[in-house]
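These notes are about the structure you will find just below.
The values are calculated or read from the model by the stated rules, or taken from the named source; none is laboratory data. None of the values given here were measured: they were computed from a predicted structure. Using ideal geometry, Cβ is built from the backbone for each residue, glycine included, and neighbour counts are taken over all protein chains shown. The area values use the complete protein model at the heavy-atom level, side chains included, leaving out ligands, DNA and RNA. Shrake-Rupley method; radii C 1.70, N 1.55, O 1.52, S 1.80 Å.
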Amino acid sequence: MSELGKCTTTNPALLAWVEEMRQLCTPASVFWCDGSQAEYDALCNLMVEAGTFTRLSDDKRPGSFLARSHPSDVARVEDRTFICSRTKEEAGPTNNWAEPEEMKTRLRAMFTGSMAGRTMYVIPFAMGPLESPLCKVGIEITDSPYVVANMRIMTRMGQSVIDKLGENGTFIPCLHSVGAPLNDGQPDVSWPCAPDPANKYIVHFPEDPSIWSYGSGYGGNALLGKKCLALRIASTMARREGWLAEHMLILALTSPEGKKHYIAAAFPSACGKTNLAMMQPTLPGWTVRCLGDDIAWIRVGEDGRLYAMNPETGFFGVAPGTSRQSNPNAMATIESNTIFTNVVQTPDGDIWWEDMGVPAPARGIDWQGNEWQPESGTKGSHPNARFTAPAAQCPVIDPDWESPAGVPLSAILFGGRRQTTIPLVNEAFNWEHGVFLGSSAGSETTAAALGKAGVLRRDPFAMLPFCGYNMVDYLRHWLSLPGKTDRAKLPKVFFVNWFRKSDDGKWLWPGYGENSRVLKWVCERVEGNGKAVETPVGFIPSADALDMAGLDLPAGNLDELLSVDLEGWRKEVEDIVAYYTKLGSDLPESLTASLAQLQQRLASAS
Ligand code: GTP
Ligand code: SPV
Ligand code: MN
């Protein structure tokens, strides 16, 4: 192992960029990360001393830590996220845009001296297995040791990446500062950041490509390999190079007869990807294996099928609601070596959150660091509290999860959080109709981004906050796939909704492991079996098509989940028309045709 913090690269471009950023940000010191366990341990100890981390009990959660963020810094900031392509047109109607040189001037001013009194960490990281044809190398410069520790779990990081880069390899520069320089002698705080939202900037320059992030230390704002690189920047590369960078989980589903299908699913943030990715099927004999829970890079393989690969190595998962009942495999994954952020600290040195499936502690410390009791009437953990855990610790991780080639997809699911109208599952008539379903996906907003939760918005392909270029061009890119391969080899497309509610506010569908019943039907449809009725909105399972053995659903629920609510759908169509109008006149004709056909089918169904 190399001496901690010592540089081992001879790559001149890398050395020059780090030196330039050192001069800009004027840190007290520079630390080159090698990604070793010893380095991780040393940084965790340092954070314990600084009050950023609380070490959890070795009996309860070995190797694990709790962090509490600043109350202003708890989620992604979509308003402060920019795609600075050359022209506004290239960023498109759904992204914030600023002229790149103007933005760089502004950012350079913000970053000037921004790391004063702090250590500047240099993190070499790779997204994707190092041998994968899609693997991308990034270098994140950050003044947050919390970011370093999380990046070590979430990415392939350290010396192996420097070695891959070699003398002449290229990398994506990712500059990050919490935006809280320290004057001489000024004491630090446990979670430094720039509290005023107007001072946060999550900025992408797709032409460089490069990423500049200022003012936040939380999640997707700060772990720049994830949303910034593996989705926003990667989507622009994917478009150019003919592949796809998607906000999707990847799972393997095996039937009792041993038939294995790989499925990818795009649901918006906090809408069930992690849960589906590692679910425990309630149907006897079926198994799910997890390959990824948030991001999929997909390319056409030599055999013409679509192959999906997870570029990450960890899970940055929503804590509240995670329990032995809802997600036993996540609970097993986070038994050790996990970083918890914004959950309750219990008196016995462990953590707790709402709907964890175990009794709340009589008292504890809430996510804001205050004494807390369950009777207090406030939530002890933040709704966007998260765990960061190594994927390798997941008991149902698929043996091929690190395969450089990825795995061939049988089906793609789109979904959203919809209390009304949208059925439990709906199969697209064909690829173009599938792209229409993805493009028009709506979902109620969640705590994963700052802003009001529970508001219905269109979130095409669950990529609204993550598409690095013009959304209309993105949709065109998806429509171009049948031209790149044999159409018959493309995965079948479905739309699912686990979140329907009755008029009295109860879930109509139990969700979680019971979603295996829907996945079984998906497999049957892929194999050419599976009974369905053709409806105006797509193929929906016929009344007896879903395997409901052993599930006691209240009378009428299944009917409601699988019926086409014509009135609701007409409103839905109006909303989609309005959204398509917002996307502009350049929308591919295939999509406007799909919408018109849906309108016609609904009209003649009345
Ligand atoms: P990100 O990490 O933000 O991308 O979220 P995600 O898409 O991975 O969502 P996750 O699986 O963490 O679930 C988010 C919330 O939805 C949690 O509170 C879950 O308990 C809840 N949830 C997940 N699956 C289901 C389901 O099938 N039914 C119901 N009712 N809730 C679910
Ligand atoms: C999401 O919001 O989709 C997440 C969490 O996966 S974050 O990494 O913060 O973006
Ligand atoms: Mn996500």
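Under 22 Å from the mean Cα position of the chain (by Cα), farther than 28 Å from Asn96 by Cα and within 13 Å of ligand 1 (Cβ to nearest atom): which single residue out of Val518, Val496 fits that description?
Val496
For region 82-132, how many residues are among the aliphatic types (A, V, I, L, M), open to solvent by less than 40 Å² (accessible area, probe 1.4 Å) and farther than 30 Å from Trp191 by Cβ?
Result for region 82-132: 1.
Is it fair to say Gly357 is within 16 Å of ligand 3 (Cβ to nearest atom), small (Gly, Ala, Ser) and either assigned to a loop (DSSP other than H, G, I, E, B) or in contact with a strand residue (DSSP E or B) (Cβ under 8 Å, 6 or more places away or on another chain) (or both)?
So Gly357 does not fit the description; no.
Filter region 4-43 for residues that are without any contact (Cβ under 8 Å) to a residue 60 or more places away in the chain and of a type in the set (A, V, I, L, M) and give the result.
Result: Leu4, Leu15, Ala16, Ala38, Ala42.
Filter region 252-272 down to residues that are more than 30 Å from Ile211 (Cα to Cα) and in a strand (DSSP E or B) and give me whichever is most open to solvent (accessible area, probe 1.4 Å).
Here the answer is Lys260.
Would you point out the residue of region 35-46, among those that are over 26 Å from the mean Cα position of the chain (by Cα) and open to solvent by less than 60 Å² (accessible area, probe 1.4 Å), that is nearest to Arg152 (Cα to Cα)?
Out of the qualifying residues, it is Glu39.
Listed here are the residues, each with its yes/no results for (1) more than 16 Å from ligand 1 (Cβ to nearest atom); (2) open to solvent by 10 Å² or more (accessible area, probe 1.4 Å).
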{"site": "Ala411", "(1), (2)": "yes, no"}
{"site": "Asn430", "(1), (2)": "yes, yes"}
{"site": "Gly438", "(1), (2)": "no, no"}
{"site": "Ala441", "(1), (2)": "no, no"}
{"site": "Phe461", "(1), (2)": "no, no"}
{"site": "Tyr474", "(1), (2)": "yes, no"}
{"site": "His477", "(1), (2)": "yes, yes"}
{"site": "Pro482", "(1), (2)": "yes, yes"}
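Any residue that is surrounded by fewer than 24 Cβ atoms within 10 Å (Cβ to Cβ), more than 16 Å from ligand 3 (Cβ to nearest atom) and either touching a residue at least 60 places away in the same chain (Cβ under 8 Å) or part of a strand (DSSP E or B) (or both) - is there at least one of those in region 311-327?
Yes, there is a match, as at least one residue in region 311-327 is surrounded by fewer than 24 Cβ atoms within 10 Å (Cβ to Cβ), more than 16 Å from ligand 3 (Cβ to nearest atom) and either touching a residue at least 60 places away in the same chain (Cβ under 8 Å) or part of a strand (DSSP E or B) (or both).
Could you please let me know if Ile211 is part of a helix (DSSP H, G or I), away from ligand 1 (no atom under 16 Å from the Cβ), at pLDDT 95 or above and open to solvent by less than 10 Å² (accessible area, probe 1.4 Å)?
No; evaluated as a whole, the condition is false for this residue.
Starting from residues that are out of contact with any strand residue (DSSP E or B) (no Cβ under 9 Å at 6 or more places or on another chain) and of a type in the set (Asp, Glu), keep the ones in region 191-209 and report whichever is nearest to Gly219 (Cα to Cα).
Step by step, filter region 191-209, then rank; the result is Asp196.
Identify all residues within region 254-296 that are more than 14 Å from ligand 3 (Cβ to nearest atom) and either in contact with a helix residue (DSSP H, G or I) (Cβ under 6 Å, 6 or more places away or on another chain) or at positive phi (or both); write none if there are none.
Those that are more than 14 Å from ligand 3 (Cβ to nearest atom) and either in contact with a helix residue (DSSP H, G or I) (Cβ under 6 Å, 6 or more places away or on another chain) or at positive phi (or both): Gly258, His261, Met278, Met279, Gln280, Pro281, Thr282, Leu283, Gly285, Trp286, Cys290.
Here is a check on your reading of the model: is Ala545 within 17 Å of Phe495 (Cα to Cα) and outside any helix (DSSP H, G or I)?
yes
Tell me the residue from Gly416, Gly364 that is more than 16 Å from ligand 1 (Cβ to nearest atom) and modelled with pLDDT of 95 or more, please.
The match here is Gly364.
Mind counting the residues in region 137-181 that are of a type in the set (Lys, Arg) and over 29 Å from Ala67 (Cα atoms)?
Number of matching residues: 1.
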